[in-house]
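No lab work stands behind these numbers, since they all come straight from the coordinates. Fair warning: this is a prediction, and the values are worked out from it, not measured in the lab. All Cβ positions, even for glycine, are placed from backbone atoms using ideal geometry, and neighbour counts span all protein chains on display.
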Amino acid sequence: MSLSPEEPCRRWLAHLCDYVDGELDQSLCAELERHMAECEACTVVVETTRQTITLYRHLGRAELPEATRRRLKQLIERSVHEQD
Ligand SMILES: [Zn+2]
């Protein structure tokens with residue numbers, strides 16, 4: 001890919017948590033899935049987020065604590081920056 005991988009990732013950053021939560025708009029969902037097919041960074045972030053959420057559900061917690069959400073967002077930010 002000759003396009004900068006950074007731009008679309010930054011655009012999707014804000015949506016990744018909603019996507020994992022199943023709260024993302026259907027058309028955006030499809031677009032993000034197309035992006036992830038070509039973007040390892042976003043795929044890894046979504047998988048990590050999903051695993052964390054699955055773990056919390058397994059522990060009997062329906063919602064991610066705000067602190068965990070913040071940590072995930074930092075992880076996402078870092079993944080995007082590592083693409084630089
Ligand atoms: Zn991406």
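Suppose every K and R has +1 on its Cβ and every D and E has -1 on its Cβ; what is the size of the dipole of the range 6-81 about the Cα centre, in Debye to the nearest 20? Please list the in-between numbers first.
Working: 11 positive and 14 negative charges, 85 e Å.
Dipole magnitude for the range 6-81 comes out near 400 debye.
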As computed over the range 6-81, the Cα convex hull volume per residue (Å³): 80 Å³
Whole-Hz ³J(HN,Hα) for each residue in the range 17-23, computed from phi via Karplus 6.51 cos²θ - 1.76 cosθ + 1.60 with θ = phi - 60°, x for glycine and proline: what do you get? 5, 4, 4, 5, 6, x, 9
